[in-house]
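*Asks:* Please find one structure pasted underneath; my questions will follow.
The values are calculated or read from the model by the stated rules, or taken from the named source; none is laboratory data. Since we're looking at a predicted model, the values are computed, not measured. No Cβ is skipped: glycine too gets one built from the backbone with ideal geometry, and neighbour counts run over all protein chains shown.
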Amino acid sequence: MNFFRLTADLMHLMSIFVLLLKIQKTRSCSGISFKTQLLYAVVFVTRYLDLPKWISLYNTLMKIFFIATSIYILYLMKVKFRATYDPSQDTFRIEFLLGACLLLALVFNYSFSFIEVLWTFSIYLEAVAILPQLFMLSRTGEAETITTHYLFALGAYRGLYLLNWIWRFYTENYADLIVWIAGAIQTALYSDFFYIYYKK
Amino acid sequence: EETPAKHDEL
């Protein structure tokens, strides 16, 4: 564990807290893409199938946290504050993302096993999971400040992971090509958002 | 080694 990775994980945690706070305080999930949240839940569930495999207490607790909160957010959006969610704004076709990521995971993976292919799938899917949210934002044109904070925290989390990989490459010879390529694409998508955001 | 340490990140 290094500084970049820990800070990245904490930013990731913070993004989720910001999102939960926004929904609870405003009692509304307007401006939030259910499809993006659904994709994140799929990402966490398919990636953390190795939950029984012990790495560290930190690792296990974080995995449980991510799975639990992502499903809880789906519950808030689909059940508790259902009336505040406007599906007509959330029109991105996620079937294509899911299909393309699954296909890529079946072809490009480290080993062709159930757990490993789903892990790879989750890496590819996380890279593009924000697209419905960005699409929704570009359609409505305006984002609440809190939604922007949410996206900022998520973007910072991704940027810090890039620095973490550079750090790990030099300090422990760590290399993970699948994660790096997907991560670079994911960070580029956020950079695009920041660019649009600051231009406005 | 079936699974190397590569999946130690979140």
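*Asks:* Quick test of your reading of the structure: A:Met136 fulfils all but one of (1) over 14 Å from the mean Cα position of the chain (by Cα); (2) aliphatic (A, V, I, L, M); (3) over 18 Å from A:Ile32 (Cα atoms). Name the failing condition by number.
*Replies:* Going through the list (1) over 14 Å from the mean Cα position of the chain (by Cα); (2) aliphatic (A, V, I, L, M); (3) over 18 Å from A:Ile32 (Cα atoms), A:Met136 breaks only (3).
*Asks:* For residues that are within 13 Å of chain B (Cβ to nearest Cβ) and out of contact with any helix residue (DSSP H, G or I) (no Cβ under 6 Å at 6 or more places or on another chain), tally how many sit in the stretch A:58-78.
*Replies:* Looking only at that region, the number is 7.
*Asks:* Okay, moving on. Which ones in the stretch A:44-57 are at the interface with chain B (Cβ under 10 Å from one of its Cβ atoms) and surrounded by fewer than 14 Cβ atoms within 10 Å (Cβ to Cβ)?
*Replies:* Within the stretch A:44-57, A:Lys53, A:Ser56 qualify.
*Asks:* Would you please name the residue that is nearest to A:Thr46 (Cα to Cα), looking only at residues in the stretch A:94-111 that are at pLDDT 95 or above and loosely packed, with under 12 Cβ neighbours inside 10 Å?
*Replies:* A:Gly99
*Asks:* Say whether the condition of being out of contact with any strand residue (DSSP E or B) (no Cβ under 8 Å at 6 or more places or on another chain) and within 14 Å of chain B (Cβ to nearest Cβ) is met by at least one residue in the stretch A:124-139.
*Replies:* Yes, the stretch A:124-139 contains a residue that is out of contact with any strand residue (DSSP E or B) (no Cβ under 8 Å at 6 or more places or on another chain) and within 14 Å of chain B (Cβ to nearest Cβ).
*Asks:* Here's something else I'd like to know. What helices (runs of 4 or more DSSP H) lie completely within the stretch A:112-200 and have 3 or more residues being crowded, with 16+ Cβ neighbours inside 10 Å, at negative phi and modelled with pLDDT under 95?
*Replies:* Per the criteria, A:131-140, A:145-172, A:177-199.
*Asks:* Being exposed (fewer than 15 other Cβ atoms within 10 Å of the Cβ) and of a type in the set (Phe, Trp, Tyr) is the filter here, so list the residues in the stretch A:58-71 that pass it.
*Replies:* Selection gives A:Tyr58 alone.
*Asks:* Only one of A:Phe81, A:Phe34, A:Phe4 is within 14 Å of chain B (Cβ to nearest Cβ) and either under 18 Å from A:Pro132 (Cα atoms) or crowded, with 18+ Cβ neighbours inside 10 Å (or both); which?
*Replies:* That would be A:Phe4, the only listed residue that is within 14 Å of chain B (Cβ to nearest Cβ) and either under 18 Å from A:Pro132 (Cα atoms) or crowded, with 18+ Cβ neighbours inside 10 Å (or both).
*Asks:* Quick check on my filter: what residues within the stretch A:14-26 are surrounded by 17 or more Cβ atoms within 10 Å (Cβ to Cβ) and either over 19 Å from A:Ile130 (Cβ atoms) or within 11 Å of another protein chain (Cβ to nearest Cβ) (or both)?
*Replies:* None - no residue of the stretch A:14-26 is surrounded by 17 or more Cβ atoms within 10 Å (Cβ to Cβ) and either over 19 Å from A:Ile130 (Cβ atoms) or within 11 Å of another protein chain (Cβ to nearest Cβ) (or both), so the list stays empty.
*Asks:* Read through the list (1) over 16 Å from the mean Cα position of the chain (by Cα); (2) within 13 Å of chain B (Cβ to nearest Cβ), then give the number of the only condition that A:Ala182 fails.
*Replies:* Among (1) over 16 Å from the mean Cα position of the chain (by Cα); (2) within 13 Å of chain B (Cβ to nearest Cβ), A:Ala182 violates only (1).
*Asks:* Take the residues of the stretch A:98-123 that are closer than 14 Å to A:Ile178 by Cβ and among the polar types (S, T, N, Q): which is nearest to the other protein chains (Cβ to nearest Cβ)?
*Replies:* Among those residues, the one meeting the criterion is A:Ser111.
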